[in-house]
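Undergrad: Next up is a structure, given as structure tokens.
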Amino acid sequence: MTSNTAEQDAAVADKAILANSAYADGRHLAARQSIYRWQQPRYDLPGLIVEELADTSGTVIDIGCGNGKFVSRLHRDRPDLGVVGMDISAGILAELPKPVLAADAQALPFADESADALLALHMLYHVGDIEATIKELARVLRPGGVLIASTNSETDKQELDRLWSRAAGDVLGLPEGPARVSLSSRFSLENAPGYLGAVFEDIRVRELPGIIAVTDPAPVVAHLASYEAWADQCGVPFHETVSRAAEIVAAVIATEGAFEITCRGGILICRR
């Protein structure tokens, strides 16, 4: 994973970009999620969340629920729970099962100790003030409740980082181009326990490593292109770089049979 500049970090947490571009609808998020179809071992992430909530009853709020993968699964597998989806983007909530609401994770519209479980899945790196947001999550969570967060390691998908820098360099006529924007670096699998440990004493990390091997450039292209909302922070012609990356991946596949990507993600289960 690359390390962002201050400008890139600000853009990753920019509310206008998040609500009106990056997650205005589910298109870009679905493209990023789709690459995991080629991962081995393959993880059923919604199923893992259902598993971790086996002993939970009452109200579950999915903070930053995105396109509703987890909300929908909980409605299906745990109809006994009161599931609420929340996201900063009203647009991405349009097709989700109700109830849903558009709100900012840094100012949750819920009463103190009103939730039995909270989900914050691949979203805490998008908030401006991570520490304050975690305190806000703890405020809403009942004593004995569970917070499940997820993110990626600082070494996640390094092959895509190198691919982007090479493609960007080719486009710019440089030995190596600027790094791509990293979404997870602000709240990574390595630094997340430190953030969460300021509020939660009981934290369990469940790592989910794997290898993605693609035999067609399309999934890689879709993944890289899904960062279009942050194109201005890339320091390189965005679409030309994606196209050059596709050519590089195609060449690797032609000579090696597959383009491999190392995935290192995980979930953190936190109890008060």
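Undergrad: May I ask you to compute the full-extension gain from residue 255 to residue 48, defined as 0.36 nm times their residue separation minus their alpha-carbon distance, rounded to one decimal in nm?
TA: 70.8 nm
Undergrad: Next up: Which one of 56, 4, 251 is farthest out on the positive end of the charge dipole of the chain, using unit charges on Cβ (Lys, Arg +1; Asp, Glu -1) and the Cα centre as origin?
TA: Checked the options; the winner is 56.
Undergrad: Using a 7 Å offset from the Cα along the Cα-to-Cβ direction at both residue 80 and residue 129, what is the distance between the two label points in nm, to one decimal?
TA: 3.9 nm
Undergrad: A follow-up question, please. Let's test the formula: R0 of 51 Å, r as the Cβ-Cβ distance of residue 24 and residue 57. What FRET efficiency results, to the nearest 0.05?
TA: After rounding to 0.05, the efficiency reads 0.90.
Undergrad: Which one, 239, 268, 192, projects farthest toward the positive side of the charge dipole computed for the chain from Cβ point charges (K/R +1, D/E -1)?
TA: Working it through, the farthest residue towards the positive pole turns out to be 268.
Undergrad: Please report, in debye to the nearest 20, how large the charge dipole of the chain is about its Cα centre when each Lys and Arg carries +1 at its beta carbon and each Asp and Glu carries -1 there.
TA: 420 debye
Undergrad: Mind sorting 220, 199 by how few other Cβ atoms lie within 10 Å of their own Cβ, fewest first?
TA: Sorted ascending by nearby Cβ count, the order is 199, 220.
Undergrad: Just subtract the alpha-carbon distance of residue 16 and residue 111 from 0.36 nm times their residue separation and send over the number in nm, one decimal.
TA: Going from the current span to full extension adds 31.6 nm.
Undergrad: Using a 7 Å offset from the Cα along the Cα-to-Cβ direction at both residue 3 and residue 216, what is the distance between the two label points in nm, to one decimal?
TA: With each label placed 7 Å out from Cα toward Cβ, I get 3.9 nm.
Undergrad: Only helical DSSP H runs with n ≥ 4 go in: add -39500 (n - 2.57) per run for the chain, normalise by residue count and round the 222 nm mean residue ellipticity to 500 deg cm²/dmol.
TA: -10000 deg cm²/dmol
Undergrad: Mind checking the full-extension length gain between residue 239 and residue 95? Use 0.36 nm per residue of separation minus the Cα-Cα distance, one decimal, nm.
TA: 48.9 nm
Undergrad: Loop only per DSSP, at most 13 neighbouring Cβ atoms within 10 Å: give me the trypsin sites (Lys or Arg not before Pro) in region 70-165, ordered by residue number.
TA: none
Undergrad: Something else about it: Just to be sure I understand, if you calculate Cα extents along the principal axes in Å for this structure, which of (i) 69, 35, 29; (ii) 52, 43, 38; (iii) 56, 35, 35 do you get?
TA: Answer by label: (iii).
Undergrad: Please check: in the Gaussian network model of the chain (C-alpha springs, under 10 Å), which one of 257, 145, 128 has the largest mean-square fluctuation.
TA: 257
A short reminder: the numbers here are calculations on the coordinates, not readings from a lab. Keep in mind the model is a prediction, meaning the values are calculated, not measured. Counting neighbours? That spans all protein chains shown, and the Cβs are built from the backbone with ideal geometry, glycine included.
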